[in-house]
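The values are calculated or read from the model by the stated rules, or taken from the named source; none is laboratory data. This is a predicted model, so every value here is computed, not measured. Please note: Cβ atoms are built from the backbone with ideal geometry, for glycine as well, and neighbour counts cover all protein chains shown.
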Amino acid sequence: MILPKGQHLTYCTNIHRGESWAETMGALETYTLEVRDRVCPNEPYGIGLWLSDRASRELTTEANALPEFRRWLERNQCYVFTLNGFPYGRFHGGRVKEQVYLPDWTTEDRVAYTNRLFDILAALLPPGVEGTVSTLPGAFKEFAQTASQARAIRANLFRCVGHAARLGEKTGRKLHLALEPEPLCLLETVDETIEFFNLMRVEHENDSRLEDHLGINYDTCHLAVEFEEPALALQRLRDHNIKIKKLHLSSAFKAQPTASARAALQAFAEDTYLHQVVARMSDGELRRFKDLPLALDAANHETDAEEWRVHFHIPLHCPAGDWFEPTTDHLLAILDALAFNPAMCSHLEMETYTWEALPFDLKSLNVVDQLAAEYAWTLERLDARGLA
């Protein structure tokens, strides 16, 4: 939907199963249109579309698939303004864990996939609407530990930026690639993000295409898990001219790792997604764990942590529990900053993709109910800040 200050608000369709284009289209017909009818029945409805590599190939090679999808969007008063290009393959229904980061930006497969997403987005964007493709922040740290891999990542990202720039010139569309900092990835903190962008600028002699087409997708769950202070994070990004191309509105857990809290967290140690943990110790040190089970195991031997933050996307409307608080304060501080400067970012996407993995007491029985509740929660907060 289009908000009064020029923002576009959507939810990310990576919450739904679907690796093929037929499955993706089925989810749009089954769930997205029902969400639209609940939250935005008589106005243009923006879609934040996730396409797997397979779905993107089928959409661009099957006869008339892309024109038919454009007609479907027009008939249903919908439009696509952003694509999620992070998960490459299957995202639900089986173990994903660290494989979600593969193929990463060291590979030709990631470049070709992301370029294809830009081709699709340029064909779908309405006139006057800018487009974003969000992507993983280079690689999972564990998979890219050499200088040559880091150089390859930067070179491949620059190739994709060049593709977006050329495509924009050809089509008249403004297209942006948004790197999404995430715990234990090549870019996980604001400091690492600044260092990375500075290296890109040095290597490419401050090529204006970097400023015009490359920025970040600021995920409020991920940066909260890293204990980033929102106002300082935004100021430092501004100081280094790193633009926020997209905001992921999302929340994580924060809790004191007491015995009762750790017992409750056992229900979230599931086998589909990676749930990184950042622990703040009593001396202020941050200690990182690759996955929640590893943090739970370590806690049997280490008792010095003051607070844990867990990379598990929980519903935006989720209240505090007996043993945890959501990281809503970080998200709301970002919305405060957006209200002060609406030009900071025009693409807002709710991304609680973990519906299938949530324990029973934290999720709605119907995914449409959950998404409608997230819209209601978000729109109420945006309205309180003059943004909706």
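Residue by residue through segment 252-272, note down the ones that are assigned to a loop (DSSP other than H, G, I, E, B) and not β-branched (V, I, T). Break it down into steps so the answer makes sense when it comes.
Initially, segment 252-272 is screened for residues assigned to a loop (DSSP other than H, G, I, E, B), giving 256-258, 269-272.
Q256, P257, A269, E270, D271, listed by residue number.
Comparison of T13, T24 shows that the only residue that is hydroxyl-bearing (S, T, Y), touching a Gly at 6+ places or on another chain (Cβ under 6 Å) and at negative phi is T24. Scanning segment 88-134 for residues that are among the hydrophobic types (A, V, I, L, M, F, W, C), outside any helix (DSSP H, G or I) and out of contact with any helix residue (DSSP H, G or I) (no Cβ under 9 Å at 6 or more places or on another chain) returns V96, V129. Only residues that are farther than 20 Å from A144 by Cβ and out of contact with any helix residue (DSSP H, G or I) (no Cβ under 7 Å at 6 or more places or on another chain) were counted in segment 190-211, giving 5. State yes or no: is T303 among the β-branched types (V, I, T), surrounded by 14 or more Cβ atoms within 10 Å (Cβ to Cβ) and part of a loop (DSSP other than H, G, I, E, B)? For T303, the condition - among the β-branched types (V, I, T), surrounded by 14 or more Cβ atoms within 10 Å (Cβ to Cβ) and part of a loop (DSSP other than H, G, I, E, B) - is not met.
Among the residues of segment 277-300, those that are surrounded by 15 or more Cβ atoms within 10 Å (Cβ to Cβ), of a type outside the set (A, V, I, L, M, F, W, C) and touching a strand residue (DSSP E or B) at 6+ places or on another chain (Cβ under 7 Å) comprise R280, R287, R288.
For segment 1-36, give me the residue count where each residue is assigned to a helix (DSSP H, G or I), among the acidic types (D, E) and either in contact with a strand residue (DSSP E or B) (Cβ under 9 Å, 6 or more places away or on another chain) or touching a residue at least 40 places away in the same chain (Cβ under 8 Å) (or both).
First pass over segment 1-36, keeping only residues assigned to a helix (DSSP H, G or I): 13-15, 21-36.
Narrowing further to those that are among the acidic types (D, E): 23, 29, 34.
Adding the requirement that they be either in contact with a strand residue (DSSP E or B) (Cβ under 9 Å, 6 or more places away or on another chain) or touching a residue at least 40 places away in the same chain (Cβ under 8 Å) (or both) leaves 34.
Qualifying residue count, segment 1-36: 1.
Restricted to segment 128-146, and to residues there that are in contact (Cβ under 8 Å) with a residue 40 or more places away in the chain and over 19 Å from the mean Cα position of the chain (by Cα), the residue that is nearest to K174 (Cα to Cα) is V129. Residues in segment 66-92 that are loosely packed, with under 15 Cβ neighbours inside 10 Å and farther than 29 Å from L179 by Cβ: P67, E68, R71, W72, E74, R75, Q77.
Table: residues versus (1) over 17 Å from D212 (Cα atoms); (2) over 19 Å from the mean Cα position of the chain (by Cα).
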| site | (1), (2) |
| --- | --- |
| S148 | yes, yes |
| R154 | no, yes |
| L157 | no, no |
| H163 | no, yes |
| G172 | no, yes |
| L175 | no, no |
| L179 | no, no |
| C185 | yes, no |
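Taken over segment 135-161, the criterion of being of a type in the set (F, W, Y) and not in a helix (DSSP H, G or I) is satisfied by F140 alone.
With respect to the numbered conditions (1) surrounded by fewer than 23 Cβ atoms within 10 Å (Cβ to Cβ); (2) at pLDDT 95 or above, which one is the sole condition not fulfilled by T135? Result: T135 passes all but (1). Do we find a residue being over 18 Å from A343 (Cβ atoms) and either surrounded by 23 or more Cβ atoms within 10 Å (Cβ to Cβ) or modelled with pLDDT under 95 (or both) anywhere in segment 240-248? Scanning segment 240-248 turns up at least one residue that is over 18 Å from A343 (Cβ atoms) and either surrounded by 23 or more Cβ atoms within 10 Å (Cβ to Cβ) or modelled with pLDDT under 95 (or both).
Would you check which residues across segment 39-53 are closer than 24 Å to K246 by Cα and not hydroxyl-bearing (S, T, Y) and list them? Matches in segment 39-53: V39, C40, E43, P44, G46, I47, G48, L49, W50, L51, D53. The C-beta contact set for segment 150-162 (first residue touching a residue at least 24 places away in the same chain (Cβ under 8 Å) and under 18 Å from V133 (Cβ atoms), second residue exposed (fewer than 15 other Cβ atoms within 10 Å of the Cβ) and of a type in the set (A, V, I, L, M, F, W, C), distance under 9 angstrom, 6+ apart or interchain) comprises R154/L199. Scanning segment 41-64 for residues that are crowded, with 16+ Cβ neighbours inside 10 Å and in a helix (DSSP H, G or I) yields D53, R54, A55, S56, R57, E58, L59, T60. Kindly indicate whether any position in segment 218-229 is surrounded by fewer than 16 Cβ atoms within 10 Å (Cβ to Cβ), under 20 Å from the mean Cα position of the chain (by Cα) and either of a type in the set (K, R) or within 23 Å of S346 (Cα to Cα) (or both). Within segment 218-229, one or more residues are surrounded by fewer than 16 Cβ atoms within 10 Å (Cβ to Cβ), under 20 Å from the mean Cα position of the chain (by Cα) and either of a type in the set (K, R) or within 23 Å of S346 (Cα to Cα) (or both).
Here's the yes/no breakdown for (1) farther than 30 Å from E130 by Cα; (2) touching a residue at least 24 places away in the same chain (Cβ under 8 Å); (3) touching a helix residue (DSSP H, G or I) at 6+ places or on another chain (Cβ under 7 Å):
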{"site": "Q256", "(1), (2), (3)": "yes, yes, no"}
{"site": "G284", "(1), (2), (3)": "yes, no, no"}
{"site": "P293", "(1), (2), (3)": "yes, yes, no"}
{"site": "E306", "(1), (2), (3)": "yes, yes, no"}
{"site": "H313", "(1), (2), (3)": "no, yes, yes"}
{"site": "T327", "(1), (2), (3)": "no, yes, yes"}
{"site": "F340", "(1), (2), (3)": "no, no, no"}
{"site": "Y353", "(1), (2), (3)": "no, yes, yes"}
{"site": "L362", "(1), (2), (3)": "yes, yes, no"}
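In segment 187-203, of all residues being among the charged types (D, E, K, R) and surrounded by fewer than 20 Cβ atoms within 10 Å (Cβ to Cβ), the one that is farthest from the chain's Cα centre (by Cα) corresponds to E203.
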